[in-house]
Structures are given as C-alpha cells and as structure tokens.
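The values are calculated or read from the model by the stated rules, or taken from the named source; none is laboratory data. All values derive from a computational prediction rather than experimental measurement. Here the Cβ positions follow ideal geometry from the backbone for every residue, glycine too, while neighbour counts run over all protein chains shown. Note: accessible area is taken over every heavy atom of the protein model, side chains too, but ligands, DNA and RNA are not part of it. Shrake-Rupley method; radii C 1.70, N 1.55, O 1.52, S 1.80 Å.
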Amino acid sequence: MLEFKNVSVALSQGRRSLPVTVVVGRGEMVCVCGPQGSGKTRLLMAVMGLEPVAEGYITVDGELVSVGSAEYFRNLIAYVPQHVPDQTMAVSELCRMVIDLKAHHGAKLAKEALMEQWRTLNLEPSLYDLPLKEVPQEMLQTILISLLPLMNRPIILIDHMPQTHSVYELVSRLAQDGAEILYTCERQAVPCDKLINI
C-alpha cells in the first residue's frame, strides 16, 4: 500500500506544491491532476526517493520512503516517464533496456508477448525497429506502458498517462490483477478510483 500523508514537494522560486494525502490500495487507480508546474512529476520522483519531500511523508506498506531506503522500494515500482530522453537507440533497444534493468530481474522480453500488448494498444509492429527520434513522445510513452504487464511490479507510476481508451484498458487490467497505480495528468479524461487535484 502506497500512502501519502500531507506530502508537498519543492517547486520553483521557493514555492511548494499543494499537500497530498491519499492511500493507493491494491487494485486502485489514483490520478494526480494539475496544471504544468504544479509538482506532479516531482511527486512521482519523491515516491522513488529521487526527489525529497518538502513536507509530510510517503510510505510503502507502512515503511517510510527516504533517500536511503529508496533503492529497495524502486524494486517494487515500474515507472513510465512522460519523455524518453535518449534519442540514439531503436525502439527495440529501449524495450530490452527497460526489461533488463536491475530492478526488473526475472522479467524477460518475449517479442511475441510484447506484440500482443501492442495489438491491444493499436501500436504498429513496424515501430519496433524504428529509431526513437522517429517516434512521437506520446507513442514512445505508450510503448513503455506496453512493457508494464511484462514487468509484474506491484506499484506502477505513470507520468502524464495518455488519456486514451486503449491505455486505460491495459492499466485497468493491471489494477484488476492487484497493482497499485498512481498516474498524473493535466486533464482527467478516463475513470479512476480516486482523483487528487493539485
């Protein structure tokens, strides 16, 4: 169980985000919604111990998340960023790299299983061999989302989740299988169990 108790993060010019108090239980989808610059991404970074909290605390199964404990908790988390920074590799290399991360030990990239996920997300198989720079960012993010079922993580964080029916269906299935889903967006367009506006 992922819990936020009066959590705010530092923003630019000495400001802080609005405090967030929420419990993300097993099988729940929770959305943090707010405008650009409101602290949504930093909040997700704080869950992984990559950004300090300015106030409040975050726990996973009752254990405090801190910079020192974060590496352990990252083994429980699958994170999908809004933007993929490295543009020098192919989509296939990105997929292999994500699955081969230390935190995803035990997961294997079976191209057939991946293509099955791609079909549900309406992604063309030809994307697999394209360089990242030829694929739009939202599509790259959808590709990363297609890897989530193969990672089998109990906590899933998605920064600026695409508000499409196919992505929602895949993420909903993960929640139905017991995953705790926390995602951010600027405008909520798909259902969720809890909506937090910041």
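A few notes on this one:
- Our note on the geometry: Cα centres of the range 114-133 and the range 1-24, 35 Å apart.
- Dividing the mean sequence gap of close Cα pairs (under 8 Å, 6+ apart) by how many residues the chain holds gives a relative contact order of 33 percent.
- Relative protection proxy for 50-57, 39-46, from highest mean packing down: 39-46, 50-57 (other beta-carbon atoms within 10 angstrom).
- Ranked order, ILE143, ILE198 - accessible area, probe 1.4 Å, largest first: ILE198, ILE143
- Surface share of carbon and sulfur [accessible, 1.4 angstrom probe, percent] for the range 129-196: 48 percent
- Positive minus negative residues near PRO154 (Lys, Arg vs Asp, Glu; Cβ under 9 Å): +1
- GLU169 versus ASN197: modelled label distance in nm, points set 7 Å from Cα along the beta carbon direction: 3.1 nm
- A simple count of charges around GLU55, restricted to other residues whose Cβ falls under 14 Å of its Cβ and scoring Lys, Arg +1 and Asp, Glu -1, yields +3.
- The residues of the chain expose on average 50 square angstrom of accessible surface per residue, using a 1.4 Å probe on protein heavy atoms.
- Residue-averaged 222 nm ellipticity for the chain, from DSSP H runs of 4+ at -39500 (n - 2.57), nearest 500: -8000 deg cm²/dmol
- Summing Lys and Arg as +1 and Asp and Glu as -1 over all other residues whose Cβ lies under 11 Å from the Cβ of THR41 gives a net charge of 0.
- Accessible-area ranking of GLU186, GLU3, largest first, probe 1.4 Å: GLU186, GLU3
- Counting only cysteine Cβ atoms and a cutoff under 4.7 Å, the chain contains unmatched residues CYS33, CYS95, CYS185.
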